Amino acid sequence: MSEAVSTQSVAESRDAPETTSDDDVRTEMRNYSAFDQELTHRALNLRMLMRLLRWAKPYKLTLITSSILITLVSALSVLMPIVHSRVVIDTILVPVHAPARFQDFGVVDAYQWLLAFTEWHPLTIALAMSVAMFLITSLMSIAQQLSLTSGALKTLRDLRVDLFTSLERKPASFYDHVGVGRVMTRITNDVENLFNLITSFVQHTGDFVPFIFVVAICFTFDFELTLVGMMIIPLAAIATVTFRWVMREIFRRIRDSVSQLNQYMQEDLMGIEVVQLSGREEYNISEYRKLNQENRRQEFRAINWEVIYESFNTSLTSFASAGVLWFGGGKVVQEEISLGMLYLFMEFLNRMVAPIMGLGYFFNVLFRSMASGERIFQALDWDEQIHEPEKPATLPERLNGAVEFKNLNFAYAGSDQILKDVSFSIEPGEKLAIVGATGSGKSTIIRLLARSYDFDDNMIFVDDIDVNQIRTNDLRRRIGVVMQDFHIFSGTILDNIALSNPNVSRERAIWASRLVNAHRFIEALPNGYETELAERGHNLSQGQQQLLAFARVLAADPEILVLDEATSSIDTGTELVIQEALHNLTIGRTSIIIAHRLQTIQECDRVLVLHQGEVRELGTHEELLEKQGIYYTLHQLQFQDSATASQLTGDPDEMEAERRRRWVEMNPDAESEPFGNDSMGGSGFIGGSGGSGTRPTGV
Amino acid sequence: MRSGGFGGGGGYSSGRWGGGVSSRINRERSSYKHLGHLAKLFPYILKYKWILIICIAAILCHRGLMAYMPQFMKVAFNDLANPNVEAETYKQAIGLLVTTIVSIIVYVPARRALRRLSISITYDLRQRFFSHVQYQGPSFFNKFGTGDLMSRAVNDINMVRMAVSFGWVNLMVFVFTVIASISFMLSMSPKLTLAVVIPLPLVGLVGFLMARGVYPYYRERQEALADVTSFTQENLNGIRTIQAMAQEENEIERFKDSSTSYIKKFYRATRYQTFMNTYISALTMIAPMIILVYGGMLVMDGEIGIGDFTAFSAYLTMLVGQVSSIGFSLAMFVAAAAGTARIFEVLESDPEVTDDAETAVPQNIEGSLEFRELTYRYPETTIDTLSGVNIKLEAGKTVALLGRIGSGKSTVLKAAVRMIDTPRNHVFLDGHDICDYSVKQLRETITLVPQHAFLFSASVKENITYDNPKRDESEVMHAANSAGLEEALQDLAQGLDTVVGERGITLSGGQKQRATLARGLIRESEILLLDDCFSSVDTRTEELIIDGLQTMRAGKSTILISHRVSTARHADYIYVLDAGSIIEAGTHDELLEKDGYYANLEKVQSNQEQTAQEKEKLLEQLNPTSDSNDVQVASSTT
């Protein structure tokens, strides 16, 4: 198969893409920008709310109990003032002439019965009634609040976990287009907003249920006076709606200005070194001042409205009190209502305004959570997935590790074809280097092998099994991938090697670290394998990070190794350590390496040259050099340093002898056994000549 | 995040700066002993003392009017209950209306001024915070990470603002309301007043104690949320790695645990708060019950009228509302005090590098730089990073520094621009101690291009002209071309105006490095320090850039750090550093002659075409892996 690339197939594939790419590639173009859009829906989306209820299902008993309790609590809390007005004022203190004419909801009867039954002082009975009501209300209220919180929290926990699960399984193509930040806020803030929605919904039910009771009671007392009192409701409503309308824009500007302010500061802090080196401190302070001033300006604007609204609202009740006093006073004189009723009216006024004012706030929460809900469901409904086989193939205990690519065509969604009719095969245990210019499709090949993207059946085979017939998770356990952008997590070194994989014991992790040369630097760290790493491994050098990534893959012991060699240059000493680690890593493993270094290429059995998505050359390093084709040119360009060096130094054999001599000179300790395993001691690269043989290496 | 007095419009925006988890955990348990920190805010508040005094007077007046309102009800009810008097409730109604309108007129401007004041204080604090941070040195930024500083600037300043905006106004309102209500109550019935007021301090005390108790619950809840947030963030950042290693299921389990732990903490906090509210409302119920029984008896005895009875209830409602909210105000103060402490922890740390008393230094710099016996140890470390380093850069020359990672090369360069606390009498610019120059002048004369390529979220042009945004386009193009950025710019849709960085297009590592190089080159300063600025640039481009540099920097001094001999050999003089000391120095040819580190490095780097066997041997020498090496080290030291 090594000579699979015939000029003919190349020519064919050149003609092919336009007509076949749609069929070849399962992924279609998706509108990822939808994910980035600012969702500011103002419409009530009931279907979404209903859908949310599905997550509440397991906890419906708790939530229904809570709803029933809140109704009961509201009803009881309304009855309490009735005891005060009808019993205490109208019956005990200022007895009315014909009590039966006035509505009392059986409270007076209960009082009369208790009075006859206990023969206590009338006020004691009124007290007993109030205390009893209070106790019952309190207990029910506690039960209500706790059941609500528990139900709502669990509902949202489940939603959050489901959301996380769904995002965790989104394929690479998804994360190619969607920023982590956007996804993040869905899991954190948006779910939190929904929680606020639930609690504030129930809280407002807690305001509204009594509101309905209150209005009903007032109407049974006196129709006209109720209307007078209720006049403030439209006023409050108009004020609230107007205020919210005016403030929406101002609040938006405040939010914008705050986020600009924060972004500016964050970026300034991240680049503080550059700021100081460029002498930009004063300039940045004045830039920041401008943003700060804008923020202050918007805040001031908001204050003007807020203060007026606030004071209007608190005065509303006083206005209504005046009205009720005016008309109600006359009604009391004419004995249309009792004194206790007038008192009750005034007591109830507050309860009429509060829910209206709260409503404005509630709608705010509602709309915000609407948008949050939509974002969450958008993520949940995003059906982008790696295609899983219906009848997955069962893999043997241990794969041999043969890999074959057969006429592979591939294009990322919405872009040109990246790989064109790629065919090659690798024997078990063979090491293949892939070289090619940027954009030649090297990374795509290894991404496809790990099934990060979907592609057609019968194009890639592992041990003669079509990878599309293997469950992605099974496949990925067998193929160890080290990409250039491997991630170091915060946590201990051990955690980073084991990656919460229960099969990787501490011993195994240490074994792996030893094999890839990581053990030495890890041991030298203050807490060894328990050393806490910062996210992205900021407290490790680049080389150390690389070794850690190697150890991680080795610990998982995959049959096939896929590696994208780091491009950035590291100092020569570290580079050699990494080279050796790489060597150990690939022993007995089928390996595909995207190579950027000549040493790595020479380490491999064969070299595959990719050019513009096509396999152009395949063979050993020497063969390809002789061929004087693309590889030869690449070699000349990319490894110019070595080319010039060999010109300078001449005969490689002579050089070898020369180098041996020099090494011995540099390391007098090692004279007896020039190239022995322990000839250099722990002194590292230049320790001998530096005169300090005790320094730890490479940390 | 807004939270107005009308019910608040904002949620806690935690998670935005969720990075500072550990700082949250380390945050001292808030308690009342922190309240003293609030005194630090006085200078900020006193700036506005006149507004403050007028406002306090207005608020006092407003509370008086509010407290007078139940008096109208008292008269109306007394008249209504008294068969001998013809009640004219419209009069009281009008009185109520007028009082309300007057109170609005008094209240609105005063409240507005107070709220403006709190915004101004926030503004001042924020401005000072930002300004202060700009001049801090590296050990400050080691101590306070970006996330931590952001959390202080955002969350803590917000807390202070809440306290300044609402907290102490609430306190004032509390005091005035109590005084006014109690005086009116006393005027109606001293006996009943006494009976009613006695249980109130109890309410306040319990509220106070319990509000203090709620804080740990609340904080635990926030910490758990921060855990969920940071877990999620990290997981998503590393999603490719997780998927490649097929670890999704384990991660989902961990997320489940983390979310469950969060809702548990949340539930606990709610439970505490629910019970607390119940206790407090039970205690507050005592007073109305006293009015009901004792007040009722007084009415029956004819000592007070039914109007007084109802007015008492109204005053009580006022008092109870205040007393129960005082716990909340105090909690706010506690939070603000902790926030203040955290803000001032930053504001009170002095910059490490300051301009010393002026010594006469030349204004026209020729560009010679000398390090004499420079020894430096980073704070809180045990090993000298530099020991006795001597480097001499003559004006107009180029010097290269080589050495392994961690050998102290970057520290040398940092010392020259005082990015570390450079000791006196060790580094000299044109023969004068660099500590005698102002930091500003020093950093204008010496440009350091740091190793870590950082670009701001701004256009390429703004990034390159970062030191002076007024530079014209031809200068920018010249610098960009010299840095080898020409081709990269052609690829960008909007050329120089393309926005790059975190919130723009991500450039490749090499492009970033070249852009930062251009940022340094454009300044054309007398001395240029390049800290390994070609590591992500391929060799050919590097050659081109260096060729360009040689013409552009002709007659000016340059120090460059490199790992490549091919780069270093262009320098007039080369120093090799190891473990903080110079181990070799000389010109390229001299060093090759010497057969030392440099010569070996040249061999290794230039000869990559070795046989596998050869390489292995080389490797063994360079990086011994077997444990027997450690033994050997031990024996060689003894």
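Annotations
- About its Cα centre, region A:120-239 has a charge dipole of approximately 460 debye under the convention of +1 per Lys or Arg Cβ and -1 per Asp or Glu Cβ, with nothing else charged.
- When +1 charges are put on Lys and Arg Cβ atoms and -1 charges on Asp and Glu Cβ atoms, the dipole computed for region B:95-235 relative to its Cα centre reaches about 520 debye.
- If you bin all the Cα-Cα distances of region A:160-266 at 10 Å, starting from zero, the percentages per bin are 11, 20, 26, 20, 13, 8, 2.
- Mean sequence separation of contacting Cα pairs (under 8 Å, at least six apart), scaled by the length of region B:471-558, corresponds to a relative contact order of 34 percent.
- Counted charge near A:Gly340, where neighbours are those whose Cβ lies closer than 11 Å (Asp, Glu -1; Lys, Arg +1): -2
- Two-site FRET efficiency, A:Ser425 against B:Ser508, from Cβ-Cβ distance with R₀ of 45 Å, rounded to 0.05: 0.90
- On Cα atoms only, tilt of B:306-347 relative to the major axis of chain B in degrees: 10
- Using distinct alpha-carbon pairs, which all enter the 1/r mean, Kirkwood radius of region B:190-273 in Å: 16.0
- Relative packing of peptides B:293-299, A:75-81 - highest average C-beta neighbours within 10 Å first: B:293-299, A:75-81
- Alpha carbon Rg of region A:188-227, scaled by the compact-globule rule 2.2 N^0.38 Å: 1.81
- Rel. contact order, % - alpha carbon contacts under 8 angstrom, at least six apart, region A:396-479: 32
- Near B:Met419, no amide H atom lies under 5 Å from its own; only residues 5 or more places off or on other chains count, and H is placed 1.01 Å from N.
- Sorted by Cβ neighbour density within 10 Å, fewest at the top, the residues A:Trp113, A:Trp382: A:Trp113, A:Trp382
- Ordering of A:58-66, A:199-207, A:593-601 by packing [mean C-beta count within 10 Å, highest first]: A:593-601, A:199-207, A:58-66
- Radius of gyration and maximum dimension Dmax of chain B, Cα, Å: 35.9, 125
- Whole-number percent relative contact order across chain B, with pairs defined as alpha carbons under 8 Å at least 6 apart: 14
- Summing Lys and Arg as +1 and Asp and Glu as -1 over all other residues whose Cβ lies under 9 Å from the Cβ of A:Leu399 gives a net charge of -1.
- Kirkwood Rh (inverse of mean 1/r, distinct Cα pairs), region A:73-170, angstrom: 16.6
- Divided by 2.2 N^0.38 Å, where N counts the residues, the Cα radius of gyration of region B:139-184 comes to 1.96.
- Centroid-to-centroid, using Cα positions, region A:79-140 and region A:168-214 are 45 Å apart.
- Extent along the principal axes, Cα only, for region A:236-349: 86, 21, 16 Å, with the longest axis given first.
- Once the mean of 1/r is taken over each pair of separate Cα atoms and inverted, region B:202-343 shows a Kirkwood hydrodynamic radius of 19.1 Å.
- C-alpha long axis of helix B:539-552 to longest principal axis of chain B, angle in °: 90
- Local net charge near A:Arg54, Cβ-Cβ under 12 Å (Lys/Arg +1, Asp/Glu -1): +2
- Solvent-free Debye scattering, log10 I(q)/I(0), computed from the Cα coordinates of region B:36-109 at q = 0.12 Å⁻¹: -0.52
- Per-residue mean of C-beta atoms belonging to partner chains within 10 Å, peptide A:280-288: 5
- P(r) tail for region B:293-397: Cα pairs beyond 23 Å make up 71% of the total.
- Note on B:71-80: average number of Cβ atoms from other chains within 10 Å of each residue's Cβ is 4.
- Against the empirical 2.2 N^0.38 Å (N residues), region A:319-465 has a Cα radius of gyration ratio of 2.50.
- Peptide B:126-135 has a mean shielding of 6, counted as Cβ atoms of other protein chains within 10 Å of each residue's Cβ.
- Degrees, to the nearest 10: B:473-482 long Cα axis against longest axis of chain B: 50
Values quoted throughout were computed directly from the atomic coordinates according to the rules given, and no laboratory measurement underlies them. Remember, predicted model here, so these are calculated numbers, not experimental data. For neighbour counting, all protein chains shown are included, and Cβ atoms are generated from backbone atoms with ideal geometry for every residue, glycine included.
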